[in-house]
Amino acid sequence: MKNRGIRLREIGQDAIDWYIRTGKKDLRTFSQRMTAVMTSPLGTKAANDITHEDIDRWINGHDSWSPATRNRYKTTISRAYSLAMKSHKVRTNPARLVDHQDENNERVRWLTPAEEKRLKAAVARRCMDQLPALVTALHTGMRKSEQFRLTWDMVDLPRRTITLVNTKARSRTRHIRINQTALAALKSIERAESNPFVFQATRYDARLKDPKKWFESCVKEAKITDFHWHDLRHTFISRLVMAGVSLPIVQKLAGHSDPKMTSRYAHLAPKTAQDAVDILDTPEHDPEAEAAIESISL
């Protein structure tokens, strides 16, 4: 094979270039992960000489990574190899032999009212101009990728709706209702003529791509543990269910294509099982039935 000596970093760069040419939506995420692989010891090795044990060892060498993160890196490396196989630069895809790790997708973490109060106070102190982003996340339940790609032409304030296109869900278009709290947050944002994005970076005339830096600092200052940006979406959904909103409506509001995703929150519904059997209780009693029950007990 002509490309026997090609390095992993080279097929990684080829993969990034392919993502750029084809306009893939996940270019940024793929590029970040692929760059991390390319700049690691794996990157300097001949791609055809790397085994699945090498990849598994590198992935599992990151103790701080969750099973989900390890699976994403496995997928990234596998994608680079698949593209390289199509162009006949490598013989096989060793990443496909790396074991997929079990992920805990049942985790549901939401803010308590006290935690929300502390978090908002921390954001107000550290980066007041980002408070609308936090409030919007809590009151619309948008995914992070949806929220930070949002442009003003998708927002209809008079009609209190947000229209999302090319969403993660199967439906390519999703309409989000804006409540009064989210409406006030959106109205408080100062629009930049040169920037069509709703949520902007603090120091630059550009869209806010990832709130991780300021958000994690505020979470730490608020003394909140085990809480990430995606948990704001968990909070939105959990609060709807706990308020008694039916699961089909919650599914629609959350943009879940699969009702199983929404059913993860079913246990939060207030007294759902008890209310179901209590429907059979009536103020009127059947004397004959009561007498029959008493005779059995005797």
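The values are calculated or read from the model by the stated rules, or taken from the named source; none is laboratory data. Just so we're clear, the structure is a prediction, and the values are computed from it rather than from any experiment. Cβ atoms come from the backbone with ideal geometry, glycine included; neighbour counts cover every protein chain shown. For the accessible areas, the whole protein counts, side chains as well, though only heavy atoms, and no ligand, DNA or RNA atoms are used. Shrake-Rupley method; radii C 1.70, N 1.55, O 1.52, S 1.80 Å.
Think of the chain as having a plus end and a minus end, set by charges on the Cβ of Lys, Arg, Asp and Glu; of Leu42, Gly141, His256, Leu42 sits farthest toward the positive end of this dipole. In the chain, a dipole from Cβ-located charges (positive for Lys and Arg, negative for Asp and Glu) runs towards its positive end, and of Thr75, Gln180, Leu119 it is Thr75 whose Cα lies farthest in that direction. A Gaussian network model of the chain, with springs between Cα atoms under 10 Å, assigns the largest mean-square fluctuation among Asp129, Asp102, Asp231 to Asp102. Computed from the Cβ-Cβ distance with R0 of 35 Å, the FRET efficiency linking Lys223 to Lys187 stands at 0.70. Among the GluC sites (Glu not before Pro) in the stretch 112-181, none sits in a DSSP loop with a Cβ that has at most 10 other Cβ atoms within 10 Å. In straight Cα distance, which lysines are under 27 Å from Lys213, not counting same-chain residues fewer than 8 positions off? Output for Lys213: Lys24, Lys25, Lys74, Lys117, Lys120, Lys144, Lys168, Lys187, Lys223.
Ligands, DNA and RNA excluded, the heavy atoms of Trp18 present near 60 Å² of accessible surface to a 1.4 Å solvent probe.
Each Lys and Arg Cβ is given +1 and each Asp and Glu Cβ -1; about its Cα centre, the stretch 67-126 then shows a dipole of about 400 debye.
Ranked by accessible surface with a 1.4 Å probe, highest first, in what order do Arg125, Arg9 come?
Result, largest first: Arg125, Arg9.
Would the stretch 16-109 count as rounded, prolate or oblate if I go by the C-alpha gyration tensor, calling it rounded below 1.5 in a/c and otherwise prolate when a/b exceeds b/c, oblate otherwise? Since a/c reaches 1.5 but b/c is at least a/b, the shape of the stretch 16-109 is classed as oblate. Across Asp258, Asp54, the residue with the most accessible area heads the list, and the full order at a 1.4 Å probe is Asp258, Asp54.
Calculated from the structure at hand, log10 I(q)/I(0) by the Debye sum over Cα atoms at q = 0.07, 0.09, 0.11 Å⁻¹ is found among (1) -0.30, -0.50, -0.74; (2) -0.38, -0.58, -0.77; (3) -0.40, -0.62, -0.84 as (3).
Of Thr69, Thr235, the residue with the largest accessible area leads and the full order is Thr69, Thr235 (1.4 Å probe).
The distance separating the Cα centre of the stretch 117-191 from that of the stretch 11-73 comes to 32 Å. Is the stretch 170-256 rounded, prolate or oblate when judged by the Cα gyration tensor, a ≥ b ≥ c being the square roots of its eigenvalues, rounded requiring a/c under 1.5 and prolate requiring a/b larger than b/c? Because a/c hits 1.5 or more and a/b fails to exceed b/c, the stretch 170-256 counts as oblate.
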